[in-house]
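Let me begin by presenting the structure, written as structure tokens, before commenting on it.
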Amino acid sequence: MGIKLKTVDIAAVKHDASARRPARPCYKNSHLPFENPMRDLLTWRDAVLPPIIDWAGTIEDPFTVNSHPDLQDVVEYLWDEEFPEIPADDAVQAVVRQICFFFTNYYSYPI
């Protein structure tokens, strides 16, 4: 038994460690599937996001909103109410998760 040491090339280890997991895409409002970006972005900001943030504030532990099982249903419902002609895609869910992450972290810092 005991500890066995072996010589390793550091450059190869760093390369292997960084190649393990690809970076997740960073979605922005510009990735949302809007037909008219100027008009639809205002609707998104004024009619879709506030109810999602309000809903997130009502769950028992608002710091776990991104993993809440109902988040996807809430987002899809509100998206379909405001944009019935545009199907929601992965960008919609990703942008909402980033916004919820921002709000829960922003309001968790002491003043």
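Once you place label points 7 Å from the Cα toward the Cβ at D89 and R45, how far apart are they in nm?
2.2
Can you give the net charge of the other residues whose Cβ lies under 13 Å from the Cβ of H68, counting K and R as +1 and D and E as -1?
-3
Please express the shape of the range 26-106 as an equivalent ellipsoid: the semi-axes are the square roots of 5 times the eigenvalues of the C-alpha gyration tensor, given largest first in whole angstrom.
Working through the eigenvalues yields semi-axes of 21, 13, 11 Å.
Applying the Karplus parametrisation 6.51 cos²θ - 1.76 cosθ + 1.60 with θ = phi - 60° to the phi angles of the range 44-52, what ³J(HN,Hα) value in whole Hz is obtained for each residue in order, glycine and proline being reported as x?
4, 6, 9, 10, 9, 5, x, x, 5
What order do you get for E82, E60 when you list them from fewest to most C-beta neighbours inside 10 Å?
E60, E82
All of the numbers you see were taken from the coordinates with simple rules; none came from a lab. Predicted model only: the values in this text are computed from it and were never measured. All Cβ positions, even for glycine, are placed from backbone atoms using ideal geometry, and neighbour counts span all protein chains on display.
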